[in-house]
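Each remark here refers to the structure printed beneath this line.
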Amino acid sequence: MFSKPFLLQPRTVKETGNRKTVLDEPYTLFPDKDALLLKDFPVRVSVGDPLYKQSSGSVLSPVNGIASLEHSEEGSKIRIVQDGNFIGSKPWIPKTLKKEEALEPMDRLGLVSLDFPEHSLLSYFKSRQKTSLIILAPFTRTQDVDYLPELRKNSECHTRFLEVLKSLFPEAQIRDYIFGLKSPVKNYAYPWGIPEYFVSQTEKLPFSKIKEILYLGPETLYNLYRALFADFPFIEREIALYFLGKNGGLRKADSTVRIRNGQSLKFLFEEYGPKYSNFTLNSFYEKNPVRDIKKGFYWDIRQNYSLVFLTKHDSGRREFPCVECGECSYNCPTQANPMALVSSFGNFNSSLCMECGICTFLCPSTISLRNKIRTWKEANHGF
C-alpha cells in the first residue's frame with residue numbers, strides 16, 4: 001500500500017570556534033489574541049514564572065528580569081529585559097512518581113505536546129483517558145535533532161515514567177520504540193516522524209485513529225523528563241541550523257543551538273548574515289515564508305524547531321502549469337495521488353493524505369499542492 005518514503009539527505013558542516021550568544025536585546029513573546037494574562041505588567045519575573053495562558057497552555061518567563069507589556073497595530077507583546085543569572089538545565093534524578101506528581105508539573109512547567117503543539121501536554125493526556133494504545137516513538141517530525149541518545153542515557157527515568165503510564169492508563173497497551181521495540185526502519189527518512197504515518201506503518205491503523213492514541217515522540221519525552229526528574233520548565237528548545245547555497249546545496253551544522261523562548265536571533269544573524277541574507281523556519285516541506293535577516297526575529301519554542309539560512313532568494317516565484325511529470329504522486333509515501341488535483345490523472349484519495357508536503361517540495365512547477373489539498377479537504381469534508 002505504501003511506497004518508500006522520500007528522503008532529504010543534507011551533508012553535515014563542521015563547526016569552527018565558539019558561537020557568541022551574548023544577549024543584547026530583550027526577550028519578546030507574542031501572546032495569542034485570546035491569551036489570558038497572568039501578571040500585572042510591568043513586573044519583575046523569575047525563570048519559570050507563568051506570564052499568560054493560551055490554548056497551548058501556560059507560557060513561562062524564560063529568564064529573570066523586568067517584564068513589560070506593549071501594544072501595537074500588530075498586537076500585544078511582552079518584553080523582558082534580563083537582569084539575573086541565566087539558569088541552565090539540571091541533571092535528571094530518577095524517582096518514583098505518583099499519578100498527581102506526574103500530571104501537576106505538566107501544567108506548572110508549561111509543557112506542550114511537541115507532536116501536536118496546539119495542545120498543552122496536560123490537556124493532551126486528559127483527552128486520551130480512554131485510550132487503549134500508547135506509542136512511544138523514536139523520531140521527531142523531521143528528525144532535525146536526535147533525542148534518543150539522551151533518553152537512553154537516562155534509562156532509569158524512562159523506566160519510572162513507564163510505571164506512571166501504567167498507573168494512569170491501566171487498560172492500555174504500551175508500544176515502546178525507545179527501548180523495548182526495534183525501530184521499524186534502520187535509518188530515519190521523512191515522513192517517518194509524522195505521528196499518523198508512524199502509527200499506520202507500525203500498527204497498521206488508519207490515520208483517523210491517531211485521535212484515539214496517546215502518542216509521545218522523543219522530543220516531547222525529553223522535555224517531559226526534564227520537568228519530572230529535574231524540575232526544569234519548558235522555556236527553551238534545541239534547534240538545528242541548515243544552510244542552502246546558491247547552487248541548491250544543502251548543509252547542516254553538526255551541532256544544535258539551544259534557544260530560549262522569545263530570544264532574539266541577532267547573535268546568529270550577525271554570524272551568518274554576511275553570507276546568507278534570508279532565512280526560513282522548520283521543515284522544507286512546509287513552505288514557510290522567507291524572511292530578511294535585517295528585520296530580526298524572536299524565537300517561539302512552541303512553533304519553531306529549525307532554522308534555514310538562504311542565499312539570495314527570489315521571493316517573486318510563482319506557480320506554473322502542471323507538466324504532468326508525476327513526481328508528486330510517484331513520491332507520495334501513502335499513494336494519495338496528489339497529481340489528480342492539478343491534472344486529469346486519476347482521483348485524489350484524501351483518506352490517505354497526511355499533508356506531509358513532499359508533493360509541494362518536489363513540484364518543478366512550484367505548485368503549492370499542500371494548499372490545494374487543504375482547500376479540497378475543506379470543500380469536500382469541512383476540515
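Below are the figures for this structure:
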read-out: Options Glu324, Glu286: the member that is within 23 Å of Glu236 (Cβ to Cβ), surrounded by fewer than 19 Cβ atoms within 10 Å (Cβ to Cβ) and of a type outside the set (S, T, N, Q); value: Glu286
read-out: Filter pass, Ile174 being under 26 Å from Asp300 (Cα atoms) and touching a strand residue (DSSP E or B) at 6+ places or on another chain (Cβ under 9 Å); value: no
read-out: Residue under evaluation Ser200, criteria (1) among the small types (Gly, Ala, Ser); (2) open to solvent by less than 10 Å² (accessible area, probe 1.4 Å); (3) within 19 Å of the chain's Cα centre (by Cα), criterion not met; value: (3)
read-out: Members of the stretch 203-212 found to be closer than 11 Å to Ile135 by Cβ and open to solvent by less than 50 Å² (accessible area, probe 1.4 Å), listed by number; value: Glu203, Ile210
read-out: Residue list for the stretch 244-258, filter: in contact (Cβ under 8 Å) with a residue 60 or more places away in the chain, outside any loop (DSSP other than H, G, I, E, B) and out of contact with any helix residue (DSSP H, G or I) (no Cβ under 9 Å at 6 or more places or on another chain); value: Leu244, Leu250, Arg251, Lys252, Ala253
read-out: Any hit, the stretch 145-158, residues being within 20 Å of Ile259 (Cβ to Cβ), in contact with a Gly (Cβ under 6 Å, 6 or more places away or on another chain), of a type in the set (Asp, Glu) and open to solvent by 10 Å² or more (accessible area, probe 1.4 Å); value: no
read-out: Helices (runs of 4 or more DSSP H) enclosed by the stretch 290-383 - at least 3 residues per element that are among the hydrophobic types (A, V, I, L, M, F, W, C); value: 358-362, 369-381
read-out: Verdict on Leu151 being in contact with a Cys (Cβ under 9 Å, 6 or more places away or on another chain) and assigned to a helix (DSSP H, G or I); value: yes
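The values are calculated or read from the model by the stated rules, or taken from the named source; none is laboratory data. Being a predicted model, the structure only gives us computed values, none of them experimental. Using ideal geometry, Cβ is built from the backbone for each residue, glycine included, and neighbour counts are taken over all protein chains shown. Heads up: the accessible areas ignore ligands, DNA and RNA and are worked out on the full protein's heavy atoms, side chains in. Shrake-Rupley method; radii C 1.70, N 1.55, O 1.52, S 1.80 Å.
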